[in-house]
Amino acid sequence: MIKTLFNQIKGLVTYDADREFYAKVFPDSLDRVDLMRFRKMTKADLPAVMNIEQSGYIFPWAEGLFHDCLKAAHYDCWVCEDSEEKMTAFCIVSTMVGEATVLNLCIAADERKQGLGRKFMQHVIEKARERKAESVFLEVRPSNPAAIALYDSMGFNEIGTRPGYYKTESGEKEDAIMMAYTLMP
């Protein structure tokens, strides 16, 4: 009973006391991204999530999709917060039948290009491993070279394309590059 309660609490917040200690004792030893924390998304987070989503995408998800993801048993919905509890990013991952699929990862515009995407993907990979997934899959726009470079540098491999997957501002369709990361046991 106590162990179950502890695991439930642990699942709500990912916390590293060592990082906080080093940040206080040796303030120059960690940067701001190192101090950011992940926790499970809640319905109360949706206004901040929607702000990040709408500023990050030309065609953002509707709020109802986030509600559905929060209800689904095989979906992991995460947010990332800085040390002042400001939401900086979120991610939705579906894990079933040995596969984890990143459905949506969005970093707040003012937090990009600081290493947060890498940190979030490391978190996703760690959680997929804990859930016994064998692979992590995602799609990315060819017009997003920064994301492609990140995924390449982390060991993701291009496995195919989805023709006409994404809408564009011009009304044309853009293919999706499908990428996979194999988790080693």
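What's the FRET efficiency of Arg129 with Ser170 using the Cβ-Cβ distance as r and R₀ = 41 Å, to the nearest 0.05? Efficiency at R0 = 41 Å is approximately 0.55. Measuring against 21 Å, Cα to Cα, the residue pairs Lys40/Lys119; Lys40/Lys127; Lys43/Lys71; Lys40/Lys113; Lys86/Lys132; Lys43/Lys113 contain Lys40/Lys113; Lys86/Lys132; Lys43/Lys113 as the ones spanning a longer distance. Could you give log10 I(q)/I(0) at q = 0.09, 0.18, 0.19 Å⁻¹ for the range 32-182, computed by the Debye formula over C-alpha point scatterers of equal weight, without solvent? With one equal scatterer per Cα and no solvent, log10 I(q)/I(0) is -0.27, -1.19, -1.34.
The length gained on full extension between Ser143 and Ile58, counted as 0.36 nm times the residue separation minus their Cα-Cα distance, comes to 29.3 nm. Ranked by the mean number of other Cβ atoms within 10 Å per residue, highest first, peptides 148-161, 40-53, 94-107 order as 94-107, 40-53, 148-161. Need the full-extension length gain, Asn51 to Val97, defined as separation in residues times 0.36 nm minus the C-alpha distance. One decimal, nm. Contour length minus Cα-Cα distance gives 13.3 nm.
Fully extending the segment from Thr161 to Lys86, taken as 0.36 nm per residue of separation minus the present Cα-Cα distance, adds 23.5 nm.
Modelled label positions at Ser153 and His67, each set 7 Å beyond Cα in the direction of Cβ, lie 3.9 nm from each other.
Every read-out reported here was derived from the displayed coordinates using simple, explicitly stated rules and does not represent laboratory data. Keep in mind that this is a model prediction, so the values were computed, not measured. Cβ sites come from the backbone with ideal geometry, for glycine too, and all protein chains shown count toward neighbours.
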